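*Asks:* Would you mind keeping the following structure in view while I ask a few things?
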Amino acid sequence: MSPSAPRRHPPRLVPVLALALAAAPVAAQQVQWLAGPLVHTPATDFVTGFTPNGTGYFLSQATIASPPQPTVGQGFYTRITMAGIASPAAGRLMAVQFVPPAGASVLVDPVNAPVHCFYRAMDGSGNYIEFTNAVITDQSFGASLRITGCPQPSTGTPFPIVSVPGGTAFQFPRRDPQNANAPLWPMGSQASYEFYIPLVANRTMGGFLESDRLIAPIRAIQGDGLDPWTYPYVALLVGAGAGSVTADLAAAQPLPPPPPPSGRAGASLNCSNNGPNVASSVSCGFSNVPASARNVSVTCTPAATVASLAVGASIRCVLAMDRFFGAFNVTGVVSSANNDTNLGNNTVQLNVTGGLFDAIHANGFEP
């Protein structure tokens with residue numbers, strides 16, 4: 001997925017979601033990290049010619065289950081984690097960027113929600129050490145690697161905006177006072193960084209949809225001819241807040257499952273409102289449809305998005321596509337502007353079979 005241009009919203013100075021970093025032990029014990037998938041980029045071993053995984057990456061978001069946090073207007077931390085696995089002979093410099101989803105922005109609050117930066121040494125020993133403008137010198141394996149310069153955002157444009165493949169992104173630059181023109185992060189084998197970046201959202205997010213994803217376009221400058229890009233992500237989860245109207249929206253497969261549209265493959269989805277209140281701005285649909293699917297269509301009754309959905313009412317959506325060999329799963333998703341009392345039933349996994357037997361007959365082969 002290509003990143004889009006970062007959306008910039010005026011920051012709201014509100015209390016940030018308590019983290020394991022915070023001085024609130026009760027809240028800190030409740031913090032959970034919602035993590036996106038682990039991804040890797042390769043590096044070339046010049047001695048053996050082997051190309052192993054060079055660096056691993058994932059993004060995560062701090063959440064609290066009870067009461068559900070964060071909510072709209074409440075600051076929360078997101079985390080970029082990257083760790084060296086194998087190191088090319090020339091070492092590597094990491095160019096770190098990130099793109100918040102529409103409706104989320106960097107929270108600029110240096111007192112209550114500063115950016116935090118942590119580093120773990122190349123030899124893998126010890127714990128993460130926080131650094132700001134102080135200098136950590138990593139002398140693992142006889143090296144002398146200078147770690148410093150945790151950036152803090154500014155009002156207006158919080159971080160520099162740079163071009164990345166497919167669009168633009170906020171740069172997360174190393175700010176070494178001894179070298180103002182060195183925004184990249186040095187990384188050796190087995191070293192790792194964690195960057196805690198505070199965000200705030202002006203809309204609810206369900207933690208599932210592509211439109212809710214925080215993306216981090218990162219490039220490993222390795223000097224080995226690869227210099228690969230990667231795009232770790234996490235779909236953010238933001239509730240409407242305790243003072244808003246509640247409703248339990250549920251996604252489910254109709255039972256018994258109806259047959260696919262005539263001559264096509266597909267799946268059906270029911271998005272219902274279990275109450276106790278009318279739900280507003282309800283959307284029903286499918287995600288994770290493979291790019292290989294051909295002639296995909298989605299038909300919803302009364303519509304894919306409705307302004308309101310009464311208690312007990314539902315939206316029926318039908319996914320259809322050309323027949324194919326094999327099978328795969330897609331995700332049915334429902335969301336609304338209400339404070340959803342049970343986000344656990346907002347998605348359902350649906351199996352789509354490609355009609356292999358009929359496809360053979362359609363191409364003139366006998367069983």
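Laboratory data are not the source of any read-out in this text; all were calculated from the coordinates shown. Treat the numbers as computed from the prediction; the structure is a model and nothing was measured. With ideal geometry, Cβ positions are generated from the backbone for all residues, glycine too; neighbour counts draw on all protein chains shown.
*Asks:* Using Cα-only point scatterers and the Debye equation, what is log10 of I(q)/I(0) for segment 127-240 at each q in 0.17, 0.20, 0.22 Å⁻¹, rounded to two decimals?
*Replies:* The Cα Debye sum returns log10 ratios of -1.08, -1.35, -1.47.
*Asks:* Tell me the relative contact order for the chain as a rounded percent, counting alpha carbon contacts under 8 Å between residues six or more apart.
*Replies:* Averaging sequence separation for qualifying contacts and normalising by length gives 17 percent for the chain.
*Asks:* Can you pull the Rg over Rh of segment 246-362, Cα-only, Kirkwood?
*Replies:* With Rh from the inverse mean 1/r over Cα pairs, Rg/Rh is 1.03.
*Asks:* To continue, here is another question. What is the packing order of peptides 260-268, 121-129, taking the mean over residues of other C-beta atoms within 10 Å and listing the highest first?
*Replies:* Ranked by mean Cβ neighbours within 10 Å, highest first: 260-268, 121-129.
*Asks:* Could I ask something else about it? Can you give the relative contact order of segment 25-238 as a percent, counting alpha carbon pairs under 8 Å and 6+ residues apart?
*Replies:* Here the relative contact order equals 30 percent.
*Asks:* Moving to a separate point now. Strictly greater than 33 Å: what percent of every Cα pair in the chain meets that?
*Replies:* Result: 40 percent of Cα pairs exceed 33 Å.
*Asks:* So how do 176-182, 69-75 stack up, highest first, on mean other-Cβ count within 10 Å?
*Replies:* Ranking the peptides 176-182, 69-75 by packing returns 69-75, 176-182.
*Asks:* In what sequence do Trp185, Trp33, Trp229 fall when counting other Cβ within 10 Å, fewest first?
*Replies:* The most exposed by this proxy come first: Trp229, Trp33, Trp185.
*Asks:* Another question about this same structure. Using the Karplus curve 6.51 cos²θ - 1.76 cosθ + 1.60 with θ = phi - 60°, work out ³J(HN,Hα) for each residue of segment 105-114 in order, rounded to whole Hz, and write x for Gly and Pro.
*Replies:* 9, 5, 8, 9, 8, x, 7, 8, 9, x
*Asks:* Okay, moving on. Using Cα pairs under 8 angstrom and six or more residues apart, how large is the relative contact order of segment 246-362, in percent?
*Replies:* It comes to 35 percent, rounded to a whole number.
*Asks:* Give me the compactness ratio for segment 25-238, meaning the Cα radius of gyration over 2.2 N^0.38 Å.
*Replies:* 1.02
*Asks:* Okay, next question. Can you tell me which of 55-68, 303-316 comes out highest on packing, and rank the rest after it, using the mean Cβ neighbours within 10 Å?
*Replies:* Peptide ranking by packing, descending: 55-68, 303-316.
*Asks:* Also, I was wondering about something else. Give the distance, in whole Å, between the Cα centre of segment 71-142 and the Cα centre of segment 167-200.
*Replies:* For segment 71-142 versus segment 167-200, the Cα centre distance is 7 Å.
*Asks:* Using the Karplus curve 6.51 cos²θ - 1.76 cosθ + 1.60 with θ = phi - 60°, work out ³J(HN,Hα) for each residue of segment 190-204 in order, rounded to whole Hz, and write x for Gly and Pro.
*Replies:* Here the 3J(HN,Hα) series is 6, 6, 8, 10, 9, 10, 9, 10, x, 10, 9, 10, 9, 8, 6 Hz.
*Asks:* Another question, if that's okay. Just for the Cα atoms in segment 65-154, what are the lengths along the principal axes, largest first, rounded to whole Å?
*Replies:* Projected onto the principal axes, the Cα atoms of segment 65-154 cover 48, 29, 25 Å.
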